[in-house]
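A short worksheet on the structure shown next.
Bear in mind these aren't lab numbers, they're just calculated from the coordinates by the rules spelled out. Worth saying up front: this structure is predicted, and the values here are computed from it rather than measured. Cβ atoms come from the backbone with ideal geometry, glycine included; neighbour counts cover every protein chain shown.
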Ligand code: IPD
């Protein structure tokens, strides 16, 4: 109650721009040899944090809490320091931030990394700002106001009309799935399901007739946030990830919702046919995202 979403949205966009500048100058300092991305391991050998993650989160947190002292803040790096309970999302207005999503990309100079700023009210992501400064892509969305690229181009980019998902999707789609950070469960669990998803999508496996494999392409960008942003843009048709945290998806869920896409907690491929796909539950850890489906033959039904 009493929230001025317009004002908070403007604040979030400026914050995303400023944090993006920090990411860019940290990357440029590395490229010019005046600084190095020293990383340390968190939960596993592939769960990394750099000084840049810490510095950008400290900057964002300070800016938010000095402007909105009554709001809650959840950040990836604050959380990893072990204060879990107080950071659970509840009905309070909460900022949910990943200062650097795609840390491994940042370390290896793969350009797909970004700052991801989400704002949640009553469990619903109502603002999302994602800035990928190396790509010159600023994504922003606010409930009821659409999703935008660089504040000027409405998402999805192809809108007149929005192209339908291919008949027989996921066949013919571009599918994106991340490897995640938990690489232990090679024979069972999330990693196994991810590997199967990759294989089934990329081949004729899957055993589902014309709903079987043979997507046009399988991608793994290394940033859950950018996967969702690219679904909102209409570039990716489907994204699936298991093992995400709230800060990986909060801003991206708002972008995709506002672009007319769908985010669910379902598991592919079994649920591609399911009519009653439930809305994503933040913190559900399993996410399936589908871009705006457009209209096939005059029917409005989802094709995925
Ligand atoms: C990770 C990336 C990665 C995804 C992981 C995330 P981080 O975030 O989004 O693509 O597979 O689940 O935790 O550590 O780079 O901020």
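Rounded, prolate or oblate for segment 10-69? Axes are the square roots of the Cα gyration tensor eigenvalues, ordered a ≥ b ≥ c, and the cut-off for rounded is a/c under 1.5. It is oblate, given that a/c is not under 1.5 and a/b is not larger than b/c. Listed peptides 17-30, 142-155 appear in the order 17-30, 142-155 once ranked by packing, highest mean of other Cβ atoms within 10 Å at the front. Taking 0.36 nm per residue of sequence separation and removing the Cα-Cα distance, the residue 32/residue 51 pair yields an extension gain of 5.1 nm. Using the Cβ-Cβ distance between residue 43 and residue 157 with R0 set to 45 Å, the FRET efficiency from 1/(1 + (r/R0)^6) comes to roughly 0.80.
Take the Cβ atoms of residue 124 and residue 192, set R0 to 35 Å, and the FRET efficiency comes out at 0.60.
Between residue 4 and residue 150, the modelled label-to-label distance comes to 3.0 nm, taking each label 7 Å out from Cα in the direction of the beta carbon. The residues 52, 203, 40, when put in order of fewest to most other Cβ atoms within 10 Å, stand as 40, 203, 52. Per-residue packing, averaged as other Cβ atoms within 10 Å, sorts the ranges 58-69, 224-235 into the order 224-235, 58-69, beginning with the highest. The alpha carbons of segment 1-115 give a radius of gyration and a Dmax of 15.1, 49 Å, in that order.
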